[in-house]
Structures are given as C-alpha cells and as structure tokens.
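The values are calculated or read from the model by the stated rules, or taken from the named source; none is laboratory data. Bear in mind the structure is a predicted one, so any value in this text is a computation, not a measurement. Neighbour counts are summed over all protein chains in view; Cβ atoms, including those assigned to glycine, are modelled from backbone coordinates with ideal geometry. SASA here: full protein model, heavy atoms, side chains in, ligands and nucleic acids out. Shrake-Rupley method; radii C 1.70, N 1.55, O 1.52, S 1.80 Å.
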Amino acid sequence: MQAQPTPNIPVSEFYWTLLHKADKKFSKIRELPYYHRNRHEYDAYFYKVFKVYTQLWKFQQENRQKLVEAGLRRSEIGEIASRIAQLYLGQYMRTSEASYLSEAYIFYEAILSREYFKEGMFQDLGLASKQLRFISRFLMVCLLLNRREMVQQLLNQLRVLVDECKRTFQETDFKEWKLVIQEIVRFLKADTAFMNIRPLRYSLVLDCHPDSLPHVSTSVAKRSLRLRDAILSSYHHNEVKFSELTLDTFRMLQCLEWEPSGSFYQSSGAKNGQNGAPASSRINYSQDIADPTLPSNPRKAVLYRPSVTHFLAVLATICEELPPDGVILIYLSASGAGMYSDVNSPSTLAYPSDRLNPSRGQIKGDGSSFQAVCLQFGTHGNGGMNSIYPSDLVPFTRRPLFLVIDCDNSEAFEAVNGVQKGETPAMLLSSSSSYHIAAIGSSRQSSGSLFTIFLTAPLQAFCLLLGISGSDIDMDTYNKAEKLLSSSFSDWGSTLVTSDTIDPVWAQILSDPFLRRLLLRFLFCRAALSLYAPTFNKKEFIPKCIPCLPASVLPTTAACQSVILQIANVFGATGKFIFSEGLELPENRQGDSESMSCS
C-alpha cells in the first residue's frame, strides 16, 4: 500500500521522514554480508528496504512540485534512484537473478539521461563525488550486461569529468579516480570484441537446451545433481580487474549464467520499467530475460582476495543451505605458494597412497618430504590468513563439490581425493606451466588465464594458441570452426553418457548444462594442448581431471585427434600439431570412415 501523509502533516515533512527511514534501512542492509547464513532473513529485510524506497520514489514523483517548492533538489532525486539501483545490483550479486541487474541498468540510465547530479556539480565536491561513483557503478552494470557501447560512453564521460574536477578542486582529491580509469581501460583492452564474438553465457541459440541433453543410465549414475551455488575467486599480482571483479572471475561468472532469452544483444521496443523509471530508447532486458522454460541462474559468491576465514565462512554457509540435489562449484585462480622438496617426484601426488594431513595442510605419501602447498590470495608473510590449502576443503567434501583449480601447483589438490568425508569431488586442474601465447603477449596478468579462457571461450582460446588475434580473424572461417566444435562437443557428450566406464562422480553431473559444458571444454583444452607441437608430450603443460574420464575421450584416441585436426585445418594450422601417423581428415578417407587406431 502506498504511503500518504495525514492531513495534519505537510507533504515535505512526510517526505523527509520517509527519506530518513529509508536511509537508516539502506545503511543497515549495506553492512550485511551478501552471504548471510539465513537467506530468507536477508531476503525479508531486502524487501523491507526496497518497499520503503519504492514508496519514496513514487511519493516524490506524485508530489514533485510541492517538494521542489519545499527545497527538494534534483541531486536528491538522483540519490534515491541511485540507491534503488544499488539495491538491485547488490541483490543480483547475492542471488545471480539477472532481472535485478536489468532493473539496476534502468535506474542508472534514468540518472544519466536526466542528469540529476549535473546542476551545481562543480561547486560542490560531494556532488561531484556522487556523480563519479554513480558512473563507476553504472560501468560495472554495463560490463555485466555486455553493453559495450554504453561502457565506452561512460568511460569517456568519466575521463572528462575527472579532468574537470581536477581543474576545479584539489587534484589530490581525484588521484584515485585516475587509477579507476586506468583499471577500466586495461580491462577493456584485455576483454576485447574478439573475446566476445559469441556470448560467454549459456545461449539457447548456440548451446543445447537443457531438456534435450541425453541422460546417463541409472545403472551408472544413481542420482542427478544440479549446479546450485558457486564460489569464484582469483588473485594474481597486478592482474586485470575492475573494482573487485577480476578478468578471470568476470569470465567464469558469465559462463555460469543464461544468456537473456538465448539471444545476444537482443533489443526490443521501449517500455516503462519497474517503479516508473524512464525507458526511452533502451533495451528492455527484463522482457528478454523472462524465460519461464529456463531454471534460475546458479547463485555465485564472487570473493576478491578473501582471507581464508572469510572464504571458509562463505563455503560453510553455502554447504549448510545446499539443496539435496545440489553441487557447489569452487573456482580458485591464484599463484601457488610452497613447493615440493623432492622436485623430481611431483607425480607422487597422483597415487592413492598419498594422504593429506588436514591439520598441517601437507601431503604424506611414500616417504618423500613435502612443504605445505597452497593458493596465495594476498601478500606473503601474514601467517597464512590469505592462503587456501587443499586440506581446507576436506571438511566440505560431505557435500558434492566441483573444483576448478587454476594454479601452477593445482596438482596438490589431487590429494583431496581419498580423504573426502563422504563425497568424492570432481576436479578440473590446470597445468603446472602456462604456455606463452604470442597473440596476447607474454604476461599472464595482461590477458587472464589460458585455462580459464578455454573453459569460458574455447574457440577463442584455440585461436590465441595459434597466434590468431581479433584483428586478423576471418569470420567465415571462425563460424565454420565454431560449427565443427559444437558438433564435436555433442559427440563427446554422447560418448560420455553412453560409456559404461565413466566414474559416477562425472556421471551424476552430466545432466547439468553448465557443468557438462565446462567438462566438454576441458576435454577440448586437454586435447589441444596435448597435440600442440610446442607442448606435445610435456606433462607440465597438460591439464588434468580427477577422477579420470573414460579412455574413449583421451587425446590419444583417433576421435579426439580428428576433432583437433579438422579445426586446425579450418585455420590452415595442421602443421602446428603432432598427430598419430595415418590420421586423415574425414573427407580424405577412403571407403568406410571408421576411426583409425592410434600408434
């Protein structure tokens, strides 16, 4: 019900009372962690805060003239709109429901088009700061929605505004905003149009509808699990990031969401947004996203440089609330700390006899001496407060886990398998060495992880491996390779679901579209790096999966080699790979096209 003042209370006094109430509730919800132990409690409070701001927004619309006469400034109207947008953005980050992101965009666009903060901005430092913060938050929303034209427009505005503020106010007040500009420029330079040729999100135009995915035999998979939650975190020195979203987590976040209505940058007619926000000449994201045939997005916790206590608290909360049919994806990308003291025996981690000592984060095996191995999510020398050890994950193996570890010592996490507390985790582990990619420069920090690119944009990763960048890609060639890769993924998926040797750990997640797609892309990554001439037969460059997948999808099989051969041939790059003797392109084979045995 809409709030109205009583006859004895002036409109302006009622408005300021309602505003004070909204401000208090906003401050409280801003202090609450996204990953609250009781989701229902958080949701209930969010809707209370949202209800107050909805009343406030409608009230100022309906009583604008009286309020302006009483002293209401345009910047104060903009502040209400900005806070509503912040509520929507925060709720998206907490729930991964894309409709919240769309509504945040609507309100931010209203602020931009109506220039709420413009009047008096260069006479008021606080007002100038509000405008800068608004543009920065709007940039984040546009990045998440892949609105790159708007991103560029906002970046240009931010540059001009910062320069104007430096001339008007003390330059020292705006040094941090120069760094923000440098951050976003670097981010966009790495996340190019080439990396976004096709959406990173799951698109029903390009990917299989979840209802059409083949099912594994119940004799192999006793249950079917769904990805319900994910924790995404990366930390590398000087890595590409914007705000608290790194390039690697940005790509993984999109990879675990549905593309709106299965379309890419689809536009539709203008329409009023929720709560009366203006909508002239904008994309109607709410309408595009509302697809009742699709499940909701998995919830994602994006953690920036987490302390181990914070990481464990979030993981514990998610485990506590995981539905019976749920699986948790944990994506960790970081530099490793601690090395094996017996550098000639790193492979001992692969043996079942290895056991992990949870109290010390160490590996015990055949008598070799090991130092503690961990992922480093912050500066060294802080007593391990930013170090995540394999042993840290062991207590949480009471629930199904899907681990993606992107690190130079990811192999250490193999030791979790064998000491689990009930559920064997599925693991995709990056190689211990990263291959230098000439197309994107030698610095891993300048482009993100190649392993993560393979999992989120596999054909782009293949092109980068060949030295092909966005500037010299031929789209007809690219599209032909995309169709080949899509067909190959379908074939590999069928091979896995019909295999009677597939481990139940993998079998139980193959019906989930997001996890299935990650697994098939891992197979492509492993095959490409295994056959690529510079990394051929070099185990340090080959990613691993735990438990092992069926032999029918190993890179040594004719079927896997044929996929790489065909796609490399499309780009005229078959000479960059080493194939088994006698392997030919399918159209060059004589007679029956049976798979050839590998030598």
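In table form, for the structure just shown:
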| quantity | calculated |
| --- | --- |
| Residue tally, condition in contact with a Ser or Thr (Cβ under 9 Å, 6 or more places away or on another chain), among the hydrophobic types (A, V, I, L, M, F, W, C) and in a helix (DSSP H, G or I), over segment 37-77 | 1 |
| Exclusive hit being open to solvent by 30 Å² or more (accessible area, probe 1.4 Å), of a type in the set (Ser, Thr, Tyr) and touching a residue at least 60 places away in the same chain (Cβ under 8 Å), set Ser449, Ser490, Ser431 | Ser490 |
| Hits in segment 37-67 (condition: without any contact (Cβ under 8 Å) to a residue 60 or more places away in the chain, open to solvent by less than 70 Å² (accessible area, probe 1.4 Å) and more than 30 Å from Ala316 (Cβ to Cβ)) | Val52, Tyr53, Gln55, Leu56, Phe59, Gln60, Asn63, Arg64, Leu67 |
| Test: residue in segment 234-244 that is under 30 Å from Thr501 (Cβ atoms), assigned by the TED database to the domain that holds Phe454 and either in a helix (DSSP H, G or I) or open to solvent by less than 10 Å² (accessible area, probe 1.4 Å) (or both) | no |
| Unmet requirement for Leu161, which otherwise passes all of (1) closer than 17 Å to Leu450 by Cα; (2) aliphatic (A, V, I, L, M); (3) not assigned by the TED database to the domain that holds Leu312 | (1) |
| Residue within segment 20-36 that is assigned to a helix (DSSP H, G or I), open to solvent by 10 Å² or more (accessible area, probe 1.4 Å), touching a helix residue (DSSP H, G or I) at 6+ places or on another chain (Cβ under 8 Å) and over 30 Å from Asp229 (Cα atoms) present | yes |
| Set Leu510, Leu484, Leu523: member being assigned to a loop (DSSP other than H, G, I, E, B) and either under 27 Å from the mean Cα position of the chain (by Cα) or crowded, with 19+ Cβ neighbours inside 10 Å (or both) | Leu510 |
